[in-house]
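K.L.:
Would you mind keeping the following structure in view while I ask a few things?
Read-outs throughout are calculated quantities, based only on the coordinates presented, and are distinct from any laboratory measurement. This one's a predicted model, so the numbers in the text were calculated from it and none came from an experiment. When we count neighbours, we look across all protein chains shown, and the Cβ atoms used for this are built from the backbone with ideal geometry, even at glycine.
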Amino acid sequence: MCPIILNRTKVNQPKGHLIAVGGAEDKGTDLEKGILQRNRLNFFELGILKNIVSLIPGKEPHVEVITTASTIPDEVFDNYRDAFGKLGCQNVGHLRIRNREDASNPEFIERIKACNCIMFSGGNQLRLSSIFGGTEFLDILLKRYQEEDFPIGGTSAGAMAMSSTMIYEGSATLAHLKGEVKITTGLGLLQNVIIDTHFDKRGRFNRLAQAVAAQPGAIGIGLGEDTGVIVSEGKILQAIGSGSVIIIDGKNIEYNNIADIRFGEPISVGNITVHIMSKGGVYNIVSRRFEGCEIVVDDDE
């Protein structure tokens, strides 16, 4: 993996890291259908979870898994506990938060203050924004990410909810039609981006493109399965995993009819910019520049 030099002297530059993962079919979709495959975690086998663990400070890290987005929280937590355990993390807790009352539970508040890493599972991202929005729990999470060397991981819905603008609904087959992509406010860990996951497997290019057309100031980040980005300094994205990261930049859009057409009509967008990154690629979301990077192949992958 290419080295990233951190400069933490700038104002409002987060000291923590975000690790957004596009999901893995064996883990996410199958688990939500109730099919457990604990020893077949693609993201674990390909080293994405190892990237998260490598960013956790301390020799005996305390990891908390948040399964709020999932409909089967206990099964999902068991899966993560097993995977983290294989990587040497033995202190793995389950923040089983199912509603806003749980989010204000004093025990959970203390645990979010004490842990060294947070991992958001997949499921329904609207559960994350509606349950954590405006809570002390989220305030603490944002503060720790801003001021401490504190990694926050998220897969699928957990990745999509990281941004300030979040897609919460939208059929891939109808995403070229105005109004078919639903957007709301996410958790606000990452500004001026929109993240979509399971990107190639579920054909979500049009979905993310419509979201960017509606908000050209935001950069779209499409994450394939078994693929993700590590976000450093709140702006430097580095691709990890086996697939592709798609970047959609609307800053230079010259033609955009989304404001003028009726709901249900197809959108037209001209001069939208697309970048494709594989493992090791780097993109700066502030300068909006893609920087190629020599790929270092890990012997143990």
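K.L.:
Measure nothing fancy, just the Cα-based angle from helix 73-86's long axis to the longest principal axis of the chain, in degrees from 0 to 90, nearest 10.
P.N.:
Its long axis makes an angle of about 70 degrees.
K.L.:
Once each part is reduced to its C-alpha centroid, what is the distance from the stretch 192-225 to the stretch 148-188 in angstrom?
P.N.:
One Cα centre to the other: 8 Å.
K.L.:
Looking only at Thr68, Thr184, Thr197, which one moves most when the chain is put into a Gaussian network model with springs between Cα atoms under 10 Å?
P.N.:
It is Thr184.
K.L.:
OK, next. Check which residues have an amide H placed less than 5 Å from Glu265's amide H, if you skip close sequence neighbours.
P.N.:
For Glu265, whose amide H was placed from the backbone, the distant partners under 5 Å are Lys178.
K.L.:
Can I ask one more? In whole angstrom, how long is each semi-axis of the equivalent ellipsoid of the stretch 17-287, when you take the square root of 5 times every eigenvalue of its Cα gyration tensor and sort them from largest down?
P.N.:
So the three semi-axes of the stretch 17-287 are 30, 19, 18 Å.
K.L.:
Only Cα pairs within less than 10 Å get springs; with that Gaussian network setup on the chain, which residue of Ser70, Ser232, Ser130 has the largest fluctuation?
P.N.:
So, out of Ser70, Ser232, Ser130, the one fluctuating most is Ser130.
K.L.:
Can you give the net charge of the other residues whose Cβ lies under 9 Å from the Cβ of Gln210, counting K and R as +1 and D and E as -1?
P.N.:
Net of charged neighbours comes to +1.
K.L.:
Continuing with this model, one more query. For Ser156, which sequence-distant residues (separation of 5 or more, or a different chain) have an amide H within less than 5 Å of its own amide H, given hydrogens modelled in the peptide plane?
P.N.:
When sequence neighbours closer than 5 places are left aside, the close amide H contacts are Val21, Gly22, Gly23.
K.L.:
Write down the percent of antiparallel bridges among all DSSP beta bridges whose residues are both part of the chain, to the nearest 5.
P.N.:
The answer is about 60 percent antiparallel.
K.L.:
Hey, how many Å between the Cα centroid of the stretch 59-77 and the Cα centroid of the stretch 228-285?
P.N.:
30
K.L.:
On to the next question. Before anything else, pin down the relative contact order of the stretch 17-287: Cα pairs under 8 Å, at least 6 apart, normalised by residue count, whole percent.
P.N.:
Value for the stretch 17-287: 19 percent.
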